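> I'd like to ask some things about the structure below.
The values are calculated or read from the model by the stated rules, or taken from the named source; none is laboratory data. Everything numeric in this text was worked out from a predicted model, so none of it was measured. Every residue, glycine among them, receives a Cβ derived from its backbone with ideal geometry; neighbour counts consider all protein chains shown. Protein only, heavy atoms only, side chains kept; ligands, DNA and RNA dropped before computing areas. Shrake-Rupley method; radii C 1.70, N 1.55, O 1.52, S 1.80 Å.
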Amino acid sequence: MRYVPNMAVRCWEDLLKSSKKTALVHDGKRKIHYLFEDGKEMAEEYDLTTDDLLVRKWRSRNTLGAPGSWEAEVGQPFAAPASADSEMIKENLSNPVFLRQDTKTTFQWRIRNLPYPKEVFSVAAEPADRCCVVRTSNKKYFKRFVVPDLERCQLPLDGSALSFTHANNTLIISYKKPKEVLTLERDLLRELKKLDSTGQGEGDCKTQ
């Protein structure tokens, strides 16, 4: 029986396919730039050998039409812009660092610099608020975060898909990707590999 995605998944898939895309293969990575009709931009980087998603970042335009700063969704977070006081005031290197690094089958987040035993941590899904919450019993850390992929596809947050572990002062949180996302990612990657790596390509599936 052929899988048919729900309307929200189909809408997001159509937006991706109808965007203007530029592809570049460089330094062992496949780099894709998306330009959407509303002016938003998305940039992704994939490992050429494994096809793993290494980077996804977004940029919007301000009210005057000028491009804003890139914001990381997957990969290393961007450092704050340097200021005149940057030599005097520097971020504490021991502060927790939150970043996302997915695997083929899971969304995965890492929170570094959390030197507590695993028993201290609690990671739970709050479907009503469509977010995941990290707590510590010693009240030293608290974090709420959403799963953008589920938001874009309007898929429910499933607590049973959530798990976590702790090693080397790093909390690793995994969320099993739903079948809708796995199918979408597989089909999208197949299309991205068809793009001319020196020019521009557009999908033939347009939004209505």
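> When the chain is fully extended, how far beyond the present Cα-Cα distance does residue 172 get from residue 136, taking 0.36 nm per residue of separation?
The residue 172-residue 136 span can extend by a further 11.5 nm.
> Given a cut-off of under 8 Å on Cα pairs at least six residues apart, what relative contact order in percent is computed for the chain? Don't skip to the answer; put the middle values down first.
Details: 350 pairs, mean separation 46.8, N = 208.
Normalised by residue count, the contact order of the chain is 22 percent.
> Here's another thing I want to ask about it. Tell me the net charge near residue 61. Cut-off is 14 Å between Cβ atoms, residue 61 excluded, with +1 for each Lys or Arg and -1 for each Asp or Glu.
Once positives and negatives cancel, what remains is -2.
> Local charge sum around residue 126 (other residues, Cβ-Cβ under 15 Å, Lys/Arg +1, Asp/Glu -1)?
Charge balance in the 15 Å sphere: +1.
> Using the heavy atoms of the protein chains and a 1.4 angstrom probe, tell me the accessible area per residue for region 19-60 in square angstrom.
Details: 2120 Å² over 42 residues.
With the other protein chains kept in place, region 19-60 gives 51 Å² per residue.
> Something else: Determine the calculated [θ] at 222 nm for the chain from helices alone, applying -39500 (n - 2.57) to every DSSP H run no shorter than 4 residues and normalising by the residue count; nearest 500 deg cm²/dmol.
It lands at -4500 deg cm²/dmol.
> With no solvent and one equal point scatterer per Cα, compute the Debye intensity ratio I(q)/I(0) for the chain at 0.09, 0.10 Å⁻¹ and report its log10, rounded to two decimals.
With one equal scatterer per Cα and no solvent, log10 I(q)/I(0) is -0.42, -0.52.
> Test of the criteria: in region 104-141, which trypsin sites (Lys or Arg not before Pro) are in a DSSP loop and have at most 16 other Cβ atoms within 10 angstrom of their Cβ?
104, 130, 139, 140
> ³J(HN,Hα) across region 102-113 via Karplus (A = 6.51, B = -1.76, C = 1.60, θ = phi - 60°), whole Hz, x for Gly/Pro?
6, 10, 4, 10, 9, 7, 9, 10, 10, 10, 8, 6
> Here's another thing I want to ask about it. So what's the angle, to the nearest 10 degrees on a 0 to 90 scale, between helix 7-18 and the longest Cα principal axis of the chain?
60 degrees
> Using per-residue counts of other Cβ atoms within 10 Å, averaged over each peptide, order 141-150, 56-65 from highest down. Mind dumping the intermediate values first?
Working: 141-150: 15.7, 56-65: 12.1.
Packing proxy ranking, top to bottom: 141-150, 56-65.
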